[in-house]
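Below you'll find the structure, written out as structure tokens, and then a few comments.
The values are calculated or read from the model by the stated rules, or taken from the named source; none is laboratory data. Nothing here was measured: the structure is a model prediction, and the numbers come from that model. Cβ sites come from the backbone with ideal geometry, for glycine too, and all protein chains shown count toward neighbours. Accessible surface is based on the protein model in full, side chains and every heavy atom, while ligands, DNA and RNA are left aside. Shrake-Rupley method; radii C 1.70, N 1.55, O 1.52, S 1.80 Å.
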Amino acid sequence: MTDSLTRASTTTSAVLLATTAAARLTCADGTLLDRINDQLAVLPVRDVQVVPPGGGLGADLRSVAKIARISSGPVVVLPADLVAHTEALALLLEHPARDSGAVVCFDVMAAPLRPPVQVERSLVVAAGSSFHVVPEANATFRGVLQVGEADLGTLADIADELAELAETGKLGPVSPVEAVDLLLVGLVRSGVRVRAAKLGPLHCDRVTGQHSADAAVIRLAEVDESRVRLDTSVKADDGFFATHFVSSWSRYLVRPAARLKLTPNAVTGISIGLALLSAIWFSEGTRGSQIAGGLLLYLSFVLDCVDGQLARYTRSFSPLGAWVDGMADRLKEFVVYVGLAFGYTAGLGNPDGIWYLAVAAMILQVVRHTVDYSYGGALADAGRIGAAWAKPRRSLLESADGGRYGVPRQGMLRLAHRMEREKVTRYLKKMIVLPIGERWALIAITAGVFNARVTFLALLAWGGVAALYQLVGRIARSAR
């Protein structure tokens with residue numbers, strides 16, 4: 001292992017754990033170690049540190065601790081006996097959050113010998129090894145672990161603690177091949193939020209010999225990585241309207257947009273233009289203009305989905321893009337409100353309090369977004385405080401995971417988690433909060449079929465229920 005790592009960069013560093021057996025495994029392009037290095041070269045990885053075989057589990061873990069302490073960006077730890085799609089590695093390495101995460105697969109029966117994990121709400125809440133048991137496992141860990149910059153201190157402490165336990169024989173007959181598994185166990189038990197990067201149809205397998213490696217490489221060719229990349233660019237947990245009436249066909253616009261070299265921000269700009277045209281049509285106040293405005297609003301929302309899909313497909317994420325997208329949503333919506341109010345006045349020649357309703361709808365949306373963003377900020381602050389002293393910690397010597405971490409069990413929160421398990425109730429739960437897809441569909445339909453007064457009354461009624469639901473939910477989560 002070299003010590004070339006410095007604090008000068010914030011890009012991801014990789015730690016490759018090479019056992020003696022893994023170092024001898026080959027594939028068509030050389031050794032498996034060469035193959036992994038080639039894959040990391042096309043991903044946002046600055047340095048690849050290879051921990052040579054022969055040092056034992058304790059030495060490997062102490063090497064990880066040393067690298068974690070001198071790194072200034074995320075660190076990904078992976079074994080040299082790994083055969084994976086490049087796209088599977090990108091699930092962690094190219095995620096915009098650059099957070100702590102682990103590649104998992106929910107097909108437990110297909111890999112019964114892989115380390116078990118339990119996933120709740122896209123987080124790994126329990127992890128196992130040959131020493132640590134997970135009674136309610138619903139997935140398996142596939143050997144790729146990324147640790148975000150904020151959690152590197154915790155990783156270093158855990159790696160040193162595990163090394164000492166391994167060297168004194170307190171972890172039982174664990175072997176060097178379990179180093180990355182033990183690190184995941186330690187992170188989860190220390191209260192680190194570990195995102196579950198779900199493999200889906202992709203492959204990411206650890207192999208046990210040359211025959212196993214050859215078979216794993218052959219399996220890679222069975223999957224079209226490009227198609228999977230397109231599919232995963234579409235949000236899997238979006239609202240009902242966005243999922244069934246937009247994303248079902250908007251994905252076919254992503255590749256043409258990428259070939260035309262359109263940026264996500266450019267698509268956002270086109271979406272804003274369509275929304276402005278929609279507001280202009282709404283301001284005419286005739287039945288035909290109301291219908292035209294509704295159609296343009298729908299197309300604007302389609303492009304609002306495409307910009308995010310294009311960003312995920314091309315992995316061109318940026319803080320500016322996220323800010324522009326969020327601000328554009330508010331701008332488009334409020335401009336449409338103004339257009340609707342003008343159109344109602346022009347069509348009937350009588351304001352009839354329409355501006356009061358328009359302003360009330362705007363205020364309600366501002367309050368709802370404030371509740372969401374302020375709660376998100378509070379969570380972030382709590383996480384930063386918890387990193388120092390408030391995280392739950394379980395002993396690494398406990399061999400059985402008797403409980404689930406971070407999963408609320410009382411009252412309304414328990415009901416909310418149960419609703420997530422069924423497709424119908426999950427969509428109903430999403431629709432209650434009147435997300436942007438449902439909101440814009442409501443505007444387009446009510447304005448086209450009825451008038452702006454009906455639109456604003458519907459927004460206030462449904463939005464009021466949504467605000468109450470959000471407020472009660474936030475209070476319940478904060479009080480647990």
Subject >> Residues of segment 210-231 classified as out of contact with any His (no Cβ under 7 Å at 6 or more places or on another chain) and either open to solvent by 20 Å² or more (accessible area, probe 1.4 Å) or modelled with pLDDT of 95 or more (or both), total >> reply: 14
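For (1) among the β-branched types (Val, Ile, Thr); (2) in a helix (DSSP H, G or I); (3) over 26 Å from residue 267 (Cβ atoms), each residue gets a yes or a no:
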site: 335; (1), (2), (3): yes, yes, no
site: 341; (1), (2), (3): no, yes, yes
site: 352; (1), (2), (3): no, no, yes
site: 355; (1), (2), (3): no, yes, yes
Subject >> Filter result (open to solvent by less than 50 Å² (accessible area, probe 1.4 Å) and β-branched (Val, Ile, Thr)) within segment 310-337 >> reply: 324, 335, 336
Subject >> Filter result (open to solvent by 40 Å² or more (accessible area, probe 1.4 Å) and out of contact with any helix residue (DSSP H, G or I) (no Cβ under 7 Å at 6 or more places or on another chain)) within segment 236-254 >> reply: 236, 237, 244, 245, 248, 249, 252
Original post:
Do the conditions hold for residue 90, that is, is it out of contact with any Gly (no Cβ under 9 Å at 6 or more places or on another chain), farther than 20 Å from residue 202 by Cβ and either modelled with pLDDT of 85 or more or among the aliphatic types (A, V, I, L, M) (or both)?
Top reply: no
Original post:
Of the numbered conditions (1) touching a Leu at 6+ places or on another chain (Cβ under 8 Å); (2) modelled with pLDDT of 95 or more; (3) small (Gly, Ala, Ser), residue 441 satisfies every one except a single condition; which is it?
Top reply: (1)
Original post:
Restricting attention to segment 208-215, does a residue exist that is closer than 27 Å to residue 330 by Cα and either touching a helix residue (DSSP H, G or I) at 6+ places or on another chain (Cβ under 8 Å) or free of Cβ contacts under 8 Å to residues at least 24 places away in the same chain (or both)?
Top reply: no
**OP:** Determine whether segment 301-309 contains at least one residue that is in contact with a Gly (Cβ under 6 Å, 6 or more places away or on another chain), open to solvent by less than 10 Å² (accessible area, probe 1.4 Å) and within 19 Å of residue 445 (Cα to Cα).
**Re:** no
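Does at least one position in segment 90-113 carry a residue that is closer than 20 Å to residue 397 by Cβ and either in contact with a strand residue (DSSP E or B) (Cβ under 8 Å, 6 or more places away or on another chain) or open to solvent by 10 Å² or more (accessible area, probe 1.4 Å) (or both)?
Residues of segment 90-113 closer than 20 Å to residue 397 by Cβ: none.
So far as segment 90-113 goes, no, none of its residues is closer than 20 Å to residue 397 by Cβ and either in contact with a strand residue (DSSP E or B) (Cβ under 8 Å, 6 or more places away or on another chain) or open to solvent by 10 Å² or more (accessible area, probe 1.4 Å) (or both).
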